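Beneath this line is the structure, given in structure tokens, with notes to follow.
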Amino acid sequence: MHYTGEVYRHPMEANTPLLEVTIGCSHLACTFCTMYRNTPFGISPMEHIEEDLEELKSYGRPVTRLFLVNADAFVLSTDKLARIAERIISYFPEVETITCYASIKNLKNKSPDDLKRLRKLRYNDLHIGLETGYNPALAMLNKGFDKEEAYRQLYKLKEAGFQYDALLMLGAAGKGKSEINARETANLLNETKPYMVTVLPISVVPGSKLETLCQNGEYVEQTELEMLEEEKRLLSLLEIKNCYFFGSHYFNLVPVSSDLKYKKEIIEYIDRAMKEMDEAVLHRVKPRGRL
Ligand code: SF4
């Protein structure tokens, strides 16, 4: 298989075959992210995609779900995504879902008809890096869109029949802004109804632009306790049916995932875990790691 540089996928896609169609990230500007800093953005040639599909086929296993890497494979033009899906379907007629990471910016360059065409070609379950629904935090993270744009694009996506997973970053708004961050984010999700909500705490990665913002005092980190309180606040505000809450990334201090209909139990579980936790751990800021 052709895998170039860093390759990431959602933890829930651990059993999904990965097909490389892009390399790195087309945006490469989020202040908190260093994931693809050594990998210039690129687009895989169709020959490589064809060779990888042949290799996948040679394993003799049915493929009902396929994850396109890398960071925002949905940046590709509608025609290219359609060509890729047609090749996938010719190798694996049984495929039900072609999924990938996508950004709000990627949706902006697709018309409603483009999205309906791609949905018919079995694209679905896009993992979308929203991080937050709070405009000052979106600007600080340099996501390249604001919440109004997120509403517009997500409505368009839903209208085309897509499900989406909202990727969120706890603590994105910084110290003292937990309440408004949770509220604005919950408003966005309650309106656009993702089928999954994925939360992980923000991390200040050495060498990231966010580290510089921290050093300049333009961003003040929350403690672990504040991020867990934000997670509970967000959960309490979410009113979405048929939604899975995923909070079991290895960065989550209290790993917990469940159907959102059990949100009361999830909140109680986090509460119990916090009570058993060392005070020093709760009052520290998250140790700096790579993201
Ligand atoms: S968070 Fe996603 S969109 Fe932003 S730079 Fe990193 S990989 Fe690219």
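The numbers here are math on the coordinates, done by the rules we state, and not lab data. None of these values were measured; they are calculated from a predicted model. Using ideal geometry, Cβ is built from the backbone for each residue, glycine included, and neighbour counts are taken over all protein chains shown.
Spin-label model, residue 151 to residue 195: label points 7 Å out along the Cα-to-beta-carbon direction sit 2.6 nm apart. For the chain, the longest principal axis of the C-alpha atoms and the axis of helix 224-237 are separated by about 70°.
Could you work out the relative contact order of the range 133-243? I mean the mean sequence separation of Cα pairs under 8 Å and 6+ apart, divided by the number of residues, in percent.
On the way: 128 pairs, mean separation 36.2, N = 111.
Answer for the range 133-243 is 33 percent.
With distances taken between every two different alpha-carbon atoms, the range 1-124 has a Kirkwood hydrodynamic radius of 14.8 Å.
Dipole magnitude of the range 131-291 about its Cα centre, charges +1 at Lys/Arg Cβ and -1 at Asp/Glu Cβ only, in debye to the nearest 20? Walk me through the numbers on the way to the answer.
Details: 22 positive and 25 negative charges, 61 e Å.
Using only the charged Cβ atoms, the result is roughly 300 debye.
Roughly what angle does helix 46-58 make with the longest principal axis of the chain, taking Cα atoms, 0 to 90 degrees, to the nearest 10? Orientation of helix 46-58: about 90 degrees from the principal axis.
Summarising the amide proton neighbourhood of residue 92: residues at separation of 5 or more, or on other chains, whose placed amide H is nearer than 5 Å comprise an empty set. Computing FRET efficiency as 1/(1 + (r/R0)^6) for residue 267 and residue 119, where r is the C-beta to C-beta distance and R0 is 35 Å, gives about 0.55. Were the residues from residue 108 through residue 249 laid out at 0.36 nm apart, the gain over their Cα-Cα distance would be 47.9 nm. Determine, at each q value in 0.09, 0.12 (inverse angstroms), the log₁₀ of I(q)/I(0) that the Debye formula gives when each Cα of the range 131-291 is one equal point scatterer. Summing over Cα pairs of the range 131-291 leads to -0.28, -0.51. Close amide H pairs (under 5 Å, H built 1.01 Å from N) link residue 164 with 195, 196, residues at least 5 positions away or on another chain. Rounding to the nearest 10 and keeping the result within 0 to 90°, find how far the Cα-based axis of helix 178-192 lies from the longest principal axis of the chain. So the inclination is approximately 30 degrees.
Approximating the spin labels as points 7 Å out from Cα along Cα→Cβ, the residue 50-to-residue 223 distance works out to 6.0 nm. Can you tell which of 163, 260, 7 lies farthest toward the positive end of the dipole of the chain, using +1 and -1 charges on the Cβ of basic and acidic side chains (Lys, Arg; Asp, Glu)? It is 163, whose Cα lies furthest towards the positive end.
Taking the range 101-125 and a reference point 7 angstrom along Cα→Cβ of residue 86, the backbone N atoms nearer than 16 Å belong to 114, 117-123.
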